[in-house]
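Below is one structure, written out as C-alpha cells; comments come after it.
The values are calculated or read from the model by the stated rules, or taken from the named source; none is laboratory data. Owing to the predicted nature of the structure, the values given are computational and were not obtained by experimental measurement. No Cβ is skipped: glycine too gets one built from the backbone with ideal geometry, and neighbour counts run over all protein chains shown. Please note that ligands, DNA and RNA were not included when accessible areas were found on the heavy atoms of the full protein model with its side chains. Shrake-Rupley method; radii C 1.70, N 1.55, O 1.52, S 1.80 Å.
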Amino acid sequence: MSGMGDGYVGTAQDAVRIRRLEKQREAERQKIQELKTKSQSEQGQPGLLQFGSSTSEILETAFKKETVGLVTREQYVEKRVNIRNKIEEEEKEKLQKLQQEEEELQLQKRKKRKIKGTSRLSFADDYENGSEDEDGENKSSDPAKFRGKLGKDPTVETSFLPDSEREAEEQAERERLRKQWQLEQEQIRNEPLEITYSYWDGAGHRRTIQVRKGDTIGEFLRGVQQQLAPEFREIRTTSVENLLYVKEDLIIPHQHSFYELIVNKARGKSGPLFHFDVHEDVRTIADATIEKDESHAGKVVERHWYEKNKHIFPASRWEVLFCSLNEMNKYQLLIL
C-alpha cells in the first residue's frame, strides 16, 4: 500500500482514514501559514497605530509606503508634510474626543451631586438609580412640577431644629422679662414694712418701727438703737454689732434682709419668719396637718445679756441661723 510503511498491518478502511487525516492536517498548516504572512504584511501599514510606537516611527513607516519608486524633491517634501499634517490632525481629533468625553463625565457627576445635595426625601436614591426610559420621561415632563415634588413639606414639625432668628427673639424676650422682674423686685424692696418687736432684758418692752422690706437686719437694729437710746442707758453705750434679733426662737444674722425672709417664706421653730406683726392662730377645728399661723413679736436682745442668760428660758431655746434661707426651707420640707 503506497504511503504506508512495510510493517503496516491494517485494513483498507484504516488506510483511507489515515490519508483523510493527513489532508486535513496539511490544510490547517497552510491556513496557519497564510495568517502569519498576512499579519506580517499588515504590521507595516501606516493607518494602524501600534501599541508602544512613537509618532516618529509611525510617520516614518507611512512615509516609506507613500514614496515607492523615484520621486522629485518637491514631491518628497510635499508627501512628508502631508503625512505629518494628517497624523497630527488624527491626534488632535483623538485628544478632542477624549476631552469631550471627560467633560461629559464631569457634567454627569455634577448633576448627580446636585440631586443628592438638594433632595431630602427617602426615595432620592431610587430616583438616581432609575432607568434611562424613566429619565427620558422626567425630562419631557414639566420641570416646575418635578421640583414641587422634591420640595420641603410645610406640615413637618421643625420647632426642635436650631433657628438663629427664633433663638434671638427668645433671648430678647428673656432679657425683657428679666429687667421687668428686677424692676418689680426693686419696687417690692422699697415698700414700707411695719415691724412689732420687743426689747428683752428679762422683761418685754414692745415697740413698733417702720423700715423698708429691702433693709437688712443690721439696718433694722440701727433704727431700733436710735429709737430705744433715749429710754435705755445700756442701749446708748452699745453698738449695733452687739444687738441680736430673735424671731421665732431663731437668732437671725445681720446680713439677711426682710425681703429674703418674705420671698422665701422662711419659718422658724415656733412660727413664720415672714410675718412681723403679732397675731394668734384662731381656728375652730384643730388640724395637725396644717401649720400654725400665729406670729410672735421678735425680740431685740443685747449680746452681753444673752451670753449671761442663755442657759435660762427663754434664751435656752434660741438657736443661731447658720445655714442659708434656701437650705433651711429644704430642711423644713424634709421634716414635714
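The order of His304, His205 by accessible area, most exposed first and with a 1.4 Å probe, is His304, His205.
Checking the table Lys269/Lys310; Lys179/Lys269; Lys31/Lys79 against a 28 Å threshold on Cα-Cα, which pairs fail?
Values: Lys269/Lys310 17 Å; Lys179/Lys269 36 Å; Lys31/Lys79 37 Å.
Beyond 28 Å between Cα atoms: Lys179/Lys269; Lys31/Lys79.
Approximating the spin labels as points 7 Å out from Cα along Cα→Cβ, the Glu231-to-Glu319 distance works out to 3.2 nm.
Among the listed pairs Lys38/Lys92; Lys265/Lys308; Lys36/Lys86; Lys114/Lys152; Lys92/Lys112, a Cα-Cα separation exceeding 21 Å is found for Lys38/Lys92; Lys265/Lys308; Lys36/Lys86; Lys92/Lys112.
Between Glu22 and Gln106, the modelled labels are 7.0 nm apart [label points 7 Å from Cα along Cα→Cβ]. Under the simplified labelling scheme, the Lys265-Gln40 pair shows an inter-label distance of 11.5 nm, with each label point 7 Å from Cα along Cα→Cβ.
What's the local net charge at Val224, with K and R +1, D and E -1, over the other residues with C-beta under 15 Å away? Value of the local net charge: 0. Of the residues Asp215, Asp14, the one with the largest accessible area comes first in the ranking Asp14, Asp215, computed with a 1.4 Å probe on protein heavy atoms.
Once the C-beta distance of Gln210 and Thr158 is scaled by a Förster radius of 56 Å, the resulting FRET efficiency is 0.50 to the nearest 0.05. A 1.4 Å probe, protein heavy atoms only, puts the accessible area of Lys299 near 50 Å². Counting only protein chain heavy atoms and rolling a 1.4 Å probe, the accessible areas of Leu321, Leu21, Leu177 rank, largest first, as Leu177, Leu21, Leu321.
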